[in-house]
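Trainee: This is the structure I want to talk about, given as structure tokens.
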Amino acid sequence: MSEKKTKKEKLADEIEQEELNILDESDVTTEENVKEDTLTEDQAKILELENKLDEMESRYLRTQADFDNVKKRHVAELDAKQKYRSQSLAQDLLPALDSFEKALATKAEHEEVKQILKGMEMVYNQILVAFEKEGIEVIPAVGEQFDPNSHQAVMQDSNENAASNEITAELQKGYKLKDRVIRPSMVKVNQ
């Protein structure tokens, strides 16, 4: 009888075996849960470190861009400084140039005065040549259309022979250094 198991015994053995299998599976599941928790913690750390790395890369790129912008701005400022280096000297010399022009406009009858005016004209021309070398030039006025960027209207004229907004007289010469106006021309503009 012992060799032959009854159906009840066989059934009890099968149930017991299934319970053991279920217990074994729960142990495996618990081990897997521990591994998953560990992986999840590791993955969380990895994600955190990746986020920090992305943030640091972003900071680095922004800092690099800021540095490049500062460098470009500095180069542009140096170029402008070099380009317009003679502006303050020209502004200081313009009143003397105006005085030369007024003196040269006078009529002389005596030979001595004519010789002095001739010498003044030579100095005046030398100053104009030096201005030209530095890129300083006279702003054209008479016969030109009024431009508020380079002309300063101080009087109005009603000349029928001139077009509207045309400059009919120049009261004081204007000068520009390359593309920058040093002093606008003082002009009389037709209505």
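The values are calculated or read from the model by the stated rules, or taken from the named source; none is laboratory data. In this text the structure is predicted, and so the values were computed from the model without any measurement. A quick note on method: Cβ atoms are made from the backbone with ideal geometry, for glycine too, and the neighbour counts reach across all protein chains shown. Remember, those area values only see protein heavy atoms, side chains included, never the ligands or the DNA or RNA. Shrake-Rupley method; radii C 1.70, N 1.55, O 1.52, S 1.80 Å.
Trainee: What net charge do the residues around Leu177 carry, taking every other residue with its C-beta under 15 Å from that of Leu177, with Lys and Arg at +1 and Asp and Glu at -1? Display every interim value, and only then the final one.
Mentor: Details: positive: Lys81, Lys83, Arg85, Lys133, Lys173, Lys176, Lys178, Arg180, Arg183; negative: Asp79, Asp92, Glu132, Glu134, Glu137, Asp179.
Charge balance in the 15 Å sphere: +3.
Trainee: Ok, one more. Lys and Arg at +1, Asp and Glu at -1: add these up for the other residues within a Cβ distance under 14 Å of Asn165 and post the number.
Mentor: Details: positive: Lys188; negative: Glu144, Asp147, Asp157, Glu166.
Local net charge: -3.
Trainee: Right, something else. Taking H as built 1.01 Å from N, whose amide H comes closer than 5 Å to the amide H of Val189, not counting residues under 5 places away?
Mentor: Close amide H contacts, sequence-distant or interchain: Val154, Met155, Gln156, Asp157, Thr168.
Trainee: Do the alpha carbons of any pairs in Lys133/Lys178; Lys102/Lys133; Lys107/Lys188; Lys102/Lys173; Lys71/Lys176; Lys81/Lys133 sit beyond 19 Å of each other, and which pairs? Mind showing how you got there, number by number?
Mentor: On the way: Lys133/Lys178 11 Å; Lys102/Lys133 24 Å; Lys107/Lys188 25 Å; Lys102/Lys173 12 Å; Lys71/Lys176 29 Å; Lys81/Lys133 17 Å.
Check vs 19 Å cut-off fails for Lys102/Lys133; Lys107/Lys188; Lys71/Lys176.
Trainee: Additional query: How much net charge surrounds Ala96 when only other residues with a Cβ under 15 Å from its Cβ are counted (Lys, Arg +1; Asp, Glu -1)? Each step should come with its number before you reach the end.
Mentor: Working: positive: Lys102, Lys173, Arg183; negative: Asp92, Asp98, Glu101, Glu121.
Taking every Cβ under 15 Å from that of Ala96, the sum is -1.
Trainee: A further question on this structure: Order Tyr175, Tyr60 by their accessible area, 1.4 angstrom probe, all chains in place, largest first. Write out the running numbers ahead of the final one.
Mentor: Numbers: Tyr175 0, Tyr60 140 Å².
Most to least solvent-accessible, the answer reads Tyr60, Tyr175.
Trainee: Determine the principal axes of the Cα atoms in the range 32-191, then give the extent along each, sorted from largest to smallest and rounded to whole angstroms.
Mentor: 117, 41, 17
Trainee: Mind checking the range 141-178 for GluC sites (Glu not before Pro) that DSSP puts in a loop (not H, G, I, E or B) and that have at most 14 other Cβ atoms within 10 Å?
Mentor: Details: sites: Glu144, Glu160, Glu166, Glu170; in loops: Glu144, Glu160.
Taking the range 141-178 and a limit of 14 other Cβ atoms within 10 Å, the loop GluC sites (Glu not before Pro) found are Glu160.
Trainee: Kindly rank 131-142, 101-112, 180-191 from highest to lowest mean number of other beta carbons found within 10 Å of each residue. Working shown, then result.
Mentor: Working: 131-142: 16.2, 101-112: 9.4, 180-191: 18.7.
In decreasing order of mean packing, 131-142, 101-112, 180-191 become 180-191, 131-142, 101-112.
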